[in-house]
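Peer 1: Starting off with a structure, shown below.
The values are calculated or read from the model by the stated rules, or taken from the named source; none is laboratory data. On a predicted model such as this, the values are computed, not experimentally measured, just so you know. When we count neighbours, we look across all protein chains shown, and the Cβ atoms used for this are built from the backbone with ideal geometry, even at glycine. All accessible areas refer to the heavy atoms of the entire protein, side chains included, with ligands and DNA or RNA removed. Shrake-Rupley method; radii C 1.70, N 1.55, O 1.52, S 1.80 Å.
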Amino acid sequence: NPIPNIYNPFWGGAFFVRGITPAESTLILNDCTLRNNVAVSDSGVIDSIGVSVVAIDSVFTENRSGNDGGVAYIDGVSQFVNCRFEQNYAERDGGVAFLDGISQFLNCRFEGNHAERDGGAFNSFGVNSYENCQFKNNEAKNDGGVMWADSDSSFVSCQFEGNHAYKFGGALLFE
C-alpha cells in the first residue's frame, strides 16, 4: 500500500518514534511502499530511538534527508526482510540509513542510493548482519560506496556490483 509524499520539517519524514527500550514498542511495516518522503534533518522515512523497527516485503524509494539517513536513523534494534531500497539520498551520511544499534537485513536489495559524504547506503556505529543481499550502484562522495562503519558487520552470500566512493572503499570502509 503506497504511503503518500510526507514532509517533516525536522526528523523522520514519515515516522518519528521514541521509546525507553526496544522491548516497549515496535514499529512494523509489512508490504508498504514509502516514496518521496523528506526530512530537513535526519531520516527521510523513519527516525527511531529506543523502538524496534521491523519491515517486511516493503519498498523504500526516492526518500531524502538533509542530514543523515535517507530512509532511516535507527538507534536500537531493527530487522528488514525482503525489502528494496532504491534511489534514496542523504545530504551527509548513509544514503539509506544511519545505524547505531543491532540491525539485520535478509534478502534485501540496495540500488542507486547516494550520500554526499560517507556510506552510500549505510553509515554505521552498530552491529549489522546482511544475508543474501544485493548492493548495486550505490555511491558516496567521500568513503564507503556501500558502507562506512566504525562497527562490526557480517556479510553472508551477498553481491556487490558497481558501487563507488570518490575517496576510499568503493564498496566498504571500516575504521
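Peer 1: How many residues are open to solvent by less than 60 Å² (accessible area, probe 1.4 Å) and among the charged types (D, E, K, R) if we restrict to segment 87-103?
Peer 2: Final tally of qualifying residues: 2.
Peer 1: Taking segment 40-63 as the region of interest, how many residues are buried (at least 20 other Cβ atoms within 10 Å of the Cβ) and over 19 Å from Asp100 (Cα atoms)?
Peer 2: Adding up the residues that qualify gives 3.
Peer 1: Filter segment 104-127 down to the residues that are at pLDDT 95 or above, within 14 Å of the chain's Cα centre (by Cα) and among the polar types (S, T, N, Q), then identify the one that is least open to solvent (accessible area, probe 1.4 Å).
Peer 2: It comes out as Asn113.
Peer 1: Would you please name the residue that is nearest to Ala90 (Cα to Cα), looking only at residues in segment 139-162 that are open to solvent by less than 60 Å² (accessible area, probe 1.4 Å) and either among the aliphatic types (A, V, I, L, M) or in contact with a Phe, Trp or Tyr (Cβ under 6 Å, 6 or more places away or on another chain) (or both)?
Peer 2: That would be Ala140.
Peer 1: Then there's this: Do the conditions hold for Ile74, that is, is it open to solvent by less than 60 Å² (accessible area, probe 1.4 Å) and at pLDDT below 90?
Peer 2: The answer is no for Ile74.
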